[in-house]
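The structure appears below as structure tokens.
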Amino acid sequence: MADTAVDSDEECRISEGEYVVLKRGDVYKSVQIEKRKKVIFEKQWIFMDNAVGELYGSTFEVDGGGKLTLRKPNRTEDATDNKEAGLDNRHIVDDGKSQKLTRDDIESLKEQGLKGQEIIQQLIDNSTTFKDKTEFAQEKYIKKKKKKYESNITVLKPSSRILAMMYHGREPGKICHLRYDTLAQMLTMGNIHAGSKIIVFETCAGLVLGSVMERMGGHGSVIQMYPGGGPVRAGMESFGFPSHFHDTLHEFPLCKVNALLSGTLNVDEKDTDSQSNDGADKQSGSSQVSSGGGEEGSAEPQSMEVSTDPAEAKKREEREKLREQKAQEKKVRLEEKRRRLAAAATLLEGRNADGLVIASRFSPCPVLLGLLKFVAPSRPFVVYCQYREPLIECYTKLREQGGAISLRLTDSWLRHYQVLPNRTHPVLLMSGGGGYLLSGITVTADAAASETQQKSSEPAAKRIKLDEIRSTGDSSV
Amino acid sequence: MSFVEYSEFIKEGDVVIIFLGHESMMPIKVEAGAQTQTRYGAIRHSSDLIGRRFGSKVTCSKGGWVYVLHPTPELWTVNLPHRTQILYSTDIANITLMLDLKPGSVVCESGTGSGSLSHAILRTIAPSGHLHTVEFHAQRAEKAAQEFRDHKVGHLVTVRNQDVCKEGFGVVGVADAVFLDIPSPWEAITHAKKAFKRKGGRLCSFSPCIEQVQRTCETLLEQGFQEICTLEVLQRVHDVRSVTLPLPDFGPENGGVESGKMTTDPASEDVRPAANSGYLSVNCRTATPPREMAGHTGYLTFATKPRG
């Protein structure tokens, strides 16, 4: 029977501070629940306050002021029982004059506070051609108007599926145009599961990282490699993982990979980031002090002149204290950073990672060849690229180098269907492409590339010719 | 070794995948003293497999060699013995994402079939989830249960030999997700509803025929399911290869000495003499589609069961 202890309401209720996803139709947006804070969604300003305490999956009506009201789940869907309908459209003339309400009329209806359902009824009543439309056409008309005039939103718990669809629909550029079914392939091909150690390099706003973490369930470890100042994790935060998930997440800068591989990594080494932060801290520290000093009248110049004025001396003392405090905080931060770097290095240097996932705007070949060194033998890896040619390059280099088998360059074709009685067909618009994937399995690295040729499907003769000619041909372009 | 946890070294009793070459693999159950014949010769389990590292190269008796791989659900899918038509990794990947599967998920599945999807689900829901799988064919149910035990995932799955349309999944109020791959999925929807936790969850129905999809969608709508969505997904493989394209010979330019060279020339590195004619050609590193590809597996219908 139902295990009610497991199915407690608590985890199903929206709390303040949590990350949720707002949904209207096929449009999604990730927001954090903060009371008295306006969020904009589908051209409406909304206050999330009334969502707190309600169940995930609830649908709310949005009123003119942005306030949410819980909508009861009883299906008042097909209230418009229109018995009158035509058989076909042979007499319907599309002259743009069949709707008697003007745009201003509709605006005033909205201002009067009429709900979406009521506005739609008004539109139907004021349409001269509605009763002549076929039943199917009437249904389609109502569906279209609902999409435009109903102001309901549903509040969902985030998941990889929802966020992947959101990013792909809203900001595909941020995720290198990674389509959600391609992400699905990556997670499966990469055998991402709880308890493994996965290396991730992505510039997809943290979506790929979050999806990997979701599949790991807080078990095992994820090492995020990052290219520049620091790892980008905004998309990952939107998943709303429990805090213990973050304990499994590590980060390691690409610029230290070579040092780690050659065994010369120095975790205490100051990098340029900390030096620039140094300057920033000094500046913010002094600006804070000077703004405090401004209370006494005019803004004080950053003077280093020694003054016998007791007020001055006190201010200098305060400045000193603040500076010391800041230096102490900075020391703690750097120590933490050093500790984290050492932890990530320890995880990597064993060169026994269980998998590698790459999805970035960077040229994939060097990234792949560099990071594969950290992966144990007989483990899958998968590389996403928006374009095909860079992956062809990866494939070629890996074939030459050896150490990987079962190389496959794939992409997926995705099509949605409208399924309605007597109206079933593929949806009219479909995705043109979702990016490409190169996947493979590592094997114990072997010197002889010629041995892998034995197993290759490519005719050996052609390659030998290539090598011969390359050595004799001229190199000028 | 297990299908839900990696290990480094091969032990007796493990199921391993032997990689013989491009698109050629076979599963082996490792037994002390046993031998497996391959086209490269015999593999002696005791000396060649037990204690070796996964991913190693193994030399066979005739001198040829193979790689030994750690099993994964994806490798299993392409190597398992078919008792029924199976689901392949492309569909499986989408099902996994769209059903929100993750560690701890409780899933109800019918029919078990050859266990292709089952293994992938187990991998994703481990270590804390559970799979309740229903198969109405007695021998297939038993074979699946045996395989789960061999693959060290028996603790995560319960196999029931019954008809899901008549008796349901054998559990109620526990599932986060329900998957149906049966001839008449619309007959199992009411049972599927009961299997879900009170907070609801995700459902997927896989059907090869559009008529089945239509009936299923109609029933889902009647039964209060939301976000009903039908899609299909196909994988396209790109065969990477080098191709040589001969260049045309337009004759000598301006009566000059050089023959055949075009003004719009590609990088000279790629230009090389073709086999017979003595004229030039270009080399291209490209990828071509295979001659034929899988054009249809089935339609995937997803829906959300709301709370209540």
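No lab work stands behind these numbers, since they all come straight from the coordinates. Worth saying up front: this structure is predicted, and the values here are computed from it rather than measured. Backbone-built Cβ (ideal geometry, glycine too); neighbour counts: all protein chains shown.
Taking chain B as the reference, fit the longest principal axis to its C-alpha atoms, fit the long axis of helix B:89-98 to the helix C-alpha atoms, and give the angle between the two in degrees, 0 to 90, nearest 10.
Tilt of helix B:89-98: around 50 degrees.
What is the calculated FRET efficiency for A:Gln401 to B:His137, with r their C-beta to C-beta distance and R₀ = 41 Å, to the nearest 0.05? Working shown, then result.
Details: r = 47 Å, r/R0 = 1.15.
Plugging the Cβ-Cβ distance into 1/(1 + (r/R0)^6) gives 0.30.
Are there any GluC sites (Glu not before Pro) in the stretch B:190-260 that are in a DSSP loop and have at most 13 other Cβ atoms within 10 Å? List them by number. Display every interim value, and only then the final one.
Details: sites: B:Glu211, B:Glu218, B:Glu222, B:Glu227, B:Glu232, B:Glu253, B:Glu258; in loops: B:Glu258.
Qualifying residues, ordered by number: B:Glu258.
How much length is gained if the chain between B:Ser46 and B:Gln162 is pulled fully straight, taking 0.36 nm per residue apart and subtracting their Cα-Cα distance, in nm to one decimal?
Extra length available between B:Ser46 and B:Gln162 comes to 37.7 nm.
How many angstrom lie between the C-alpha centres of the stretch A:129-207 and the stretch B:47-125?
Taking the Cα centre of each part, the stretch A:129-207 and the stretch B:47-125 sit 28 Å apart.
Taking the Cα centre as origin and putting +1 on Lys and Arg beta-carbons and -1 on Asp and Glu beta-carbons, what dipole magnitude results for the stretch B:22-79, to the nearest 20 debye? Walk me through the numbers before you get to the answer.
Numbers: 7 positive and 4 negative charges, 46 e Å.
Its charge dipole is roughly 220 debye.
Please list, in chain and number order, the residues 5+ apart from B:Ala34 or on another chain whose amide H is under 5 Å from its amide H, with Hs placed from the backbone.
B:His45, B:Ser46
Ordered by residue, what ³J(HN,Hα) values in Hz, to whole numbers, does the stretch B:157-164 give under the Karplus form 6.51 cos²θ - 1.76 cosθ + 1.60, where θ = phi - 60° and Gly and Pro are x?
9, 10, 9, 10, 9, 7, 9, 4
Run the quick spin-label model on A:Gln32 and B:Thr244: label points 7 Å from Cα toward the beta carbon, then report their separation in nm to one decimal.
About 6.2 nm, to one decimal.
Between B:Ile210 and A:Lys326, take the C-beta separation as r, use R0 = 56 Å, and let me know the FRET efficiency to the nearest 0.05.
Values: r = 68 Å, r/R0 = 1.21.
The computed FRET efficiency comes out at 0.25.
List the residues whose amide H sits under 5 Å from the amide H of B:Ala42, counting only those 5 or more places along or on another chain, with H placed 1.01 Å from N in the peptide plane.
It is B:Ser61, B:Lys62, by chain and number.
Just grab the label-to-label distance for A:Glu61 and B:Thr190, each label 7 Å out from Cα along the Cβ direction, in nm (one decimal).
Rounded to a tenth, the inter-label distance reads 3.4 nm.
Using Cβ counts within 10 Å as a stand-in for footprinting exposure, how do B:Ile125, A:Ile46, B:Ile28 rank, fewest first? Let's see the in-between values first.
Values: B:Ile125 27, A:Ile46 24, B:Ile28 18.
Fewest-to-most ranking of B:Ile125, A:Ile46, B:Ile28: B:Ile28, A:Ile46, B:Ile125.
Normalised by the empirical 2.2 N^0.38 Å for globular proteins, what value does the Cα Rg of chain B take?
1.35
Mind giving me the FRET efficiency for A:Ala259 and A:Glu237? R0 is 30 Å, r the Cβ-Cβ distance, nearest 0.05 is fine.
Working: r = 30 Å, r/R0 = 0.99.
Efficiency computed from Cβ-Cβ geometry: 0.50.
Within the stretch A:415-440, whose backbone N sits under 20 Å from a point 7 Å along Cα→Cβ of A:Lys143?
Those under the cut-off are A:415-431.
Based on other C-beta atoms within 10 Å, arrange B:Lys166, B:Lys193, A:Lys397 from fewest to most. Display every interim value, and only then the final one.
Numbers: B:Lys166 10, B:Lys193 20, A:Lys397 14.
Ranked by crowding around the Cβ, least crowded first: B:Lys166, A:Lys397, B:Lys193.
Hey, what angle do you get for helix B:210-222 against the long axis of chain B, alpha-carbon based, 0 to 90 degrees rounded to 10?
Orientation of helix B:210-222: about 40 degrees from the principal axis.
Radius of gyration and Dmax for the stretch B:183-233's Cα atoms, expressed in Å?
In order Rg, Dmax, the Cα atoms of the stretch B:183-233 give 10.8, 31 Å.
Working from the alpha-carbon coordinates of the protein assembly as shown, get Rg over Rh, Rh being the Kirkwood radius.
Values: Rg = 31.4 Å, Rh = 30.5 Å.
Radius of gyration over Kirkwood radius for the protein assembly as shown works out to 1.03.
Working out 0.36 nm times the residue gap between A:Arg71 and A:Glu10, then minus their Cα-Cα distance, what length gain in nm do you get to one decimal? It would help to have the intermediate numbers written out before the result.
On the way: separation 61, 0.36 × 61 = 21.96 nm, distance 2.03 nm.
That works out to 19.9 nm of additional length.
Would you tell me the mean number of C-beta atoms belonging to other protein chains that fall within 10 Å of each C-beta in B:96-107, as a whole number? Display every interim value, and only then the final one.
On the way: counts 7, 16, 8, 2, 6, 6, 11, 10, 3, 1, 2, 0.
Counting other chains' Cβ atoms within 10 Å and averaging over B:96-107 gives 6.
Name all residues of the stretch A:114-155 having a backbone nitrogen under 14 Å from the label point set 7 Å from the Cα of A:Leu420 along its Cα→Cβ direction, giving them as ranges.
Output list for this probe position: A:133-147.
On a straight-distance basis, which lysines could pair with A:Lys133 in a cross-link, Cα separation under 23 angstrom, same-chain partners fewer than 8 positions away excluded?
A:Lys83, A:Lys97, A:Lys100, A:Lys143, A:Lys144, A:Lys145, A:Lys146, A:Lys147, A:Lys148
Order of B:Asp176, A:Asp268 from fewest to most other C-beta atoms within 10 Å? Display every interim value, and only then the final one.
Details: B:Asp176 22, A:Asp268 8.
Going from sparsest to densest Cβ surroundings: A:Asp268, B:Asp176.
List the residues whose amide H sits under 5 Å from the amide H of A:Phe41, counting only those 5 or more places along or on another chain, with H placed 1.01 Å from N in the peptide plane.
A:Ile46
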